[in-house]
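I have placed the structure first, in the form of C-alpha cells, so that the comments after it can refer back to it.
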C-alpha cells in the first residue's frame, strides 16, 4: 500500500467509518444481531469498521486515478469480494452462528418466482444503465466536454480476459456483493446508505463516467431487495447484468472501437 493510501485509510477512512458505525449502533442498526456477549459485539463492530474503511471509503479516494492494466490480475480484481466474504464469515461467527438463510436473507417461499423477477430486473437494469450513460454522455458532448474515454482501460482489460475468468467475476460479484450490500448493510443501515457505500466501493475502477451506469443499477437492485425481502432476486439480477456486460456487450464493443 502506498504511503498516501495508508494515510487516507488510517487518518481519514477509519475515523469516518468509526463515526458511521457508532451513530448507526446508537440508532439501533444492529437489532438483528444477538451477540452472546459485549466483547463479541465490540469485535464485530471493529471488524465492520475496518472492512468498510478498506473496501468502500478507501476506494473512493481512487476515483479518477489512472489505472495501469499491466498491473491488473484476477485476484486483485476479486480483492473486494474476498474481504467482504471474510467479514461476513467473521460477523456470523461472532454473532453466534445464526441460521445462514436468515443471516443472508436467502429465505423465500417462492424461489422460482424470485429467479424470474431477477432475470427481468437484470435485463431491464442493463437497459436503464445504457440509457442513463447515453444521456449523460450526450449532455457532456453538447456542453463541449470532449475528453471522454468511451471505453476505460479497465473495461478493455476485463473484456479481454478468458471466458472462465469472466464467469468467476460474475459469480463472485452477484453473490458476495449482494449478500453484503443488500442482505447485511441494507437491512441494518437502510437502502440509501448501503447504495452509497456500494457506489464508492467501486472507486478503484478509476472512471467517473462508470458511476452513471452503476448508480442506475444499484438503485434497481436496492428497490428489488426492498420489495421482495429476499436477496435471491437482486442476486440473480446482478448476475444477469454483469453477464450481459462482461460476456456479450463489452467484448463486442471493444472489438468495434479501437484503443
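Readers should treat all values here as calculations from the given coordinates under stated rules, not as data from a laboratory. Note that the structure is predicted; figures quoted are calculated from it, not measured. Here Cβ is always computed from backbone atoms with ideal geometry, including for glycine, and neighbour counts include all displayed protein chains.
Which peptide among 17-23, 28-34 comes first, and what is the full order, when sorted by highest mean count of other Cβ atoms within 10 Å? Please list the in-between numbers first.
Details: 17-23: 15.9, 28-34: 13.9.
For the peptides 17-23, 28-34, the packing ranking is 17-23, 28-34.
With the Cα gyration tensor of region 84-131 in hand, give its eigenvalues times 5 under a square root as the equivalent ellipsoid semi-axes, listed largest first in whole angstrom. Write out the running numbers ahead of the final one.
Details: eigenvalues 183, 54, 5 Å².
Square roots of five times the eigenvalues give 30, 16, 5 Å.
Quick check: pseudo-label points 7 Å beyond the Cα along Cα→Cβ at residue 113 and residue 137, how many nm apart are they?
Calculated label separation equals 3.8 nm.
Starting from the Cα-Cα distance between residue 212 and residue 93, subtract it from 0.36 nm times their residue separation and give me the gain in nm to one decimal. Intermediate values should be presented prior to the final figure.
Values: separation 119, 0.36 × 119 = 42.84 nm, distance 3.67 nm.
Roughly 39.2 nm would be gained on extension.
Quick check: Cα centre of region 211-246 to Cα centre of region 91-121, how many Å?
15 Å
How much FRET efficiency would the formula 1/(1 + (r/R0)^6) give for residue 70 and residue 46, where r is the Cβ-Cβ distance and R0 is 35 Å, rounded to 0.05? Walk me through the intermediate numbers first.
Working: r = 36 Å, r/R0 = 1.03.
The pair residue 70/residue 46 has a calculated efficiency of 0.45.
How far, in nm, would the chain grow between residue 123 and residue 86 when pulled straight, counting 0.36 nm per residue and subtracting the alpha carbon separation? Intermediate values should be presented prior to the final figure.
Working: separation 37, 0.36 × 37 = 13.32 nm, distance 3.01 nm.
Contour length minus the Cα-Cα distance gives 10.3 nm.
How much length would be gained if the chain were fully extended between residue 130 and residue 167, taking 0.36 nm per residue of separation minus their Cα-Cα distance, in nm to one decimal?
Working: separation 37, 0.36 × 37 = 13.32 nm, distance 2.15 nm.
Answer, rounded to one decimal: 11.2 nm.
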